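Undergrad: Here it is: the structure, laid out below.
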Amino acid sequence: MLSLAGAKLQRTVSEVRLPAAGRTLPEVMQEVASARPAPEPVAISATLRRTGLVQAYLERAGLNPEQAGRWSSVFTRFTGRRVFEGGEALTVYKDPDSGELRGLRYNLDPRFAVIELDLGNGVIKVLRRRIRYRLEPVAVAFKMGGNWQSAAARNGVPPKIAQVIGAALEDQRALRRGSIVKILFTEKVSLDGTCRRPGSLEAAEVRNHGSAVVAIALRDRSGAVHLYDQNGAALGLRAMRFPVRFKYISSGFSYHRYHPLLHIYRPHLGVDFAANYGAPVQAVADGRVVAAGWCGELGRCVRIAHSNDTVTIYGHLARIKPGVREGVRVSMGQVVGQVGSSGLSTGPHLHFAIEKHDRFVNPLTQKLGENHPVSLRMHAMFERLK
């Protein structure tokens with residue numbers, strides 16, 4: 001992967017002007033030896049606090065409006081974007097002598113970065129490079145004060161990891177004030193150090209008044225992580241009861257329901273949860289996104305495939321969360337969108353449906369993600385991990 005910090009603008013032998021006729025070889029070699037590499041650019045990296053116009057960010061980085069406009073227009077033509085998103089990493093590379101911009105790197109998303117290079121004479125080259133990561137282990141230990149979510153956030157536990165632990169140990173009643181918590185998880189760090197993303201939970205231990213609860217992560221064949229205690233018994237639920245915090249159920253599952261807009265009777269093969277506009281919608285179980293986009297009458301919707309030939313459907317969304325797209329794996333509780341009223345809808349609500357073996361079933365009577373102990377086939381691996 002291209003690293004701007006190592007891209008020296010050197011004068012090589014081929015770049016030295018040829019000597020006039022009659023110059024001696026020692027004189028030529030002395031001129032070649034006098035060629036010195038340009039100084040390394042000064043790299044200034046930051047994670048952007050808020051979303052803002054590219055040109056405005058570059059002007060704050062020290063460019064005059066004309067220069068900032070030139071760099072930002074090249075960026076926009078290449079990416080189709082006029083803004084830098086808050087939360088992403090931006091690195092600018094400046095000449096240590098003149099302070100002029102020699103390059104910039106911006107992480108478009110967790111997968112790709114855009115690199116702009118000043119080639120001189122007003123020429124700016126743009127490249128897109130895949131971000132490469134390495135996995136680093138992270139160990140955290142703390143004494144709980146307050147509720148679990150706030151204690152985890154104060155001690156640097158990523159929300160995704162905290163959610164997995166909370167769901168797994170909810171029935172154990174171990175996560176309470178005064179508990180000693182130890183967590184081991186991984187973090188994905190880009191090779192240039194500009195991007196850090198939470199990886200997955202490896203293990204956790206919670207001690208309280210002499211008793212201890214241990215959670216050990218084990219991946220199934222699809223790559224989904226499940227937690228088990230020391231004896232190999234599954235911890236926590238494998239599925240959520242509801243995908244959204246709702247006010248009431250506005251329409252239930254029915255084969256003969258009067259449609260409020262079409263004024264006809266027809267099947268309603270799902271459940272409508274009336275909720276606040278913009279409320280987060282969560283995946284009810286681990287799975288893989290098989291569709292994310294416009295789905296006709298359901299408006300913006302997400303379809304997630306789970307084990308046992310089961311698919312869950314989340315419709316009428318106001319917005320699908322960036323990064324939720326076909327082929328991406330999601331975890332139970334992960335936010336996939338926001339409640340809206342897109343498509344054929346009379347107001348903000350979530351249409352939630354479940355297909356089993358290509359047939360719609362009532363979501364209120366289904367049980368997803370049954371817990372099973374570690375299989376005999378995986379037992380030896382589990383013992384090594386433990």
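The values are calculated or read from the model by the stated rules, or taken from the named source; none is laboratory data. Computed from a predicted structure; not experimentally measured. Neighbour counts are summed over all protein chains in view; Cβ atoms, including those assigned to glycine, are modelled from backbone coordinates with ideal geometry. Remember, those area values only see protein heavy atoms, side chains included, never the ligands or the DNA or RNA. Shrake-Rupley method; radii C 1.70, N 1.55, O 1.52, S 1.80 Å.
Undergrad: Which net charge results when you count Lys and Arg as +1 and Asp and Glu as -1 among the other residues whose beta-carbon is under 12 Å from that of T76? Working shown, then result.
TA: Details: positive: R70, R77, R81, R82; negative: E116.
Charge balance near T76 sits at +3.
Undergrad: Moving on. Which ³J(HN,Hα) values, rounded to whole Hz and listed in residue order, are derived for the range 326-334 from phi using the Karplus coefficients 6.51, -1.76 and 1.60 in 6.51 cos²θ - 1.76 cosθ + 1.60 with θ = phi - 60°, glycine and proline given as x?
TA: Once θ is set to phi - 60°, the couplings for the range 326-334 become 4, x, 7, 7, 10, 9, 3, x, 6 Hz.
Undergrad: Sticking with this one: Just to confirm, what accessible area per residue do you get for the range 69-141 at 1.4 Å probe, in whole Å²?
TA: 52
Undergrad: Ordering M381, M240 from largest to smallest accessible area (1.4 angstrom probe), what's the sequence?
TA: Largest to smallest exposure gives the sequence M381, M240.
Undergrad: Straight-line reach from K182: which lysines have Cα under 23 Å away, leaving out those fewer than 8 places along the same chain?
TA: K143, K160, K386
Undergrad: Okay, next question. If I model a spin label as a point 7 Å beyond the Cα along the Cα-Cβ vector, how far apart are those points for D95 and R82 in nm?
TA: So the label points at D95 and R82 sit 3.1 nm apart.
Undergrad: Okay, next question. May I ask for the net charge around F185, where only other residues with Cβ less than 13 Å from the Cβ of F185 are counted and Lys, Arg are +1 while Asp, Glu are -1?
TA: Details: positive: K160, K182, K188, R196, R197; negative: E136, E187, E202, E205.
Charge balance near F185 sits at +1.
Undergrad: Also: How do R134, R303 rank by accessible surface area computed with a 1.4 Å probe, from largest to smallest?
TA: Working: R134 95, R303 65 Å².
So the residues, ranked largest to smallest area, are R134, R303.
Undergrad: Next question, about the same structure. Please list, in chain and number order, the residues 5+ apart from E202 or on another chain whose amide H is under 5 Å from its amide H, with Hs placed from the backbone.
TA: L184, F185, T186
Undergrad: Of K247, K356, K188, which has the most accessible area with a 1.4 Å probe, and how do the rest follow in descending order?
TA: I get K247, K188, K356, largest accessible area first.
Undergrad: Could you compute how much accessible surface I180 exposes when probed at 1.4 Å, giving the result in Å² to the nearest 10?
TA: 70
Undergrad: Just the number, please: carbon plus sulfur as a percent of the accessible area of the range 246-306, 1.4 Å probe, no ligands or DNA/RNA counted.
TA: Details: 1750 of 3110 Å².
Heavy-atom surface of the range 246-306 belonging to carbon and sulfur, 1.4 Å probe: 56 percent.
Undergrad: Oh, and also: Can you pull out the GluC sites (Glu not before Pro) in the range 37-103 whose DSSP state is coil and whose Cβ has at most 16 other Cβ atoms within 10 Å? Each step should come with its number before you reach the end.
TA: On the way: sites: E59, E66, E85, E88, E100; in loops: E85, E88, E100.
Counting only loop positions with at most 16 other Cβ atoms within 10 Å, the GluC sites (Glu not before Pro) in the range 37-103 are E85, E100.
Undergrad: Once amide H atoms are built 1.01 Å from N in the peptide plane, which residues 5 or more positions from V336, or in another chain, come under 5 Å H to H?
TA: Answer set, sorted by chain and number: V281, Q282, A283.
Undergrad: Here's another thing I want to ask about it. For every other residue with a beta carbon closer than 10 angstrom to the beta carbon of N276, add +1 if it is Lys or Arg and -1 if Asp or Glu, then tell me the sum.
TA: So the surrounding residues net to +2.
Undergrad: Once the whole set of protein chains is in place, how much accessible area is left on L218, using a 1.4 Å probe, in Å² to the nearest 10?
TA: 10
Undergrad: Okay, moving on. Determine ³J(HN,Hα), in whole Hz, for all residues of the range 94-104 in sequence, where each value follows from phi through the Karplus function 6.51 cos²θ - 1.76 cosθ + 1.60 and θ = phi - 60°; x replaces Gly and Pro.
TA: Rounded to whole hertz, the list is 10, 5, x, 8, 8, x, 6, 6, 10, x, 8.
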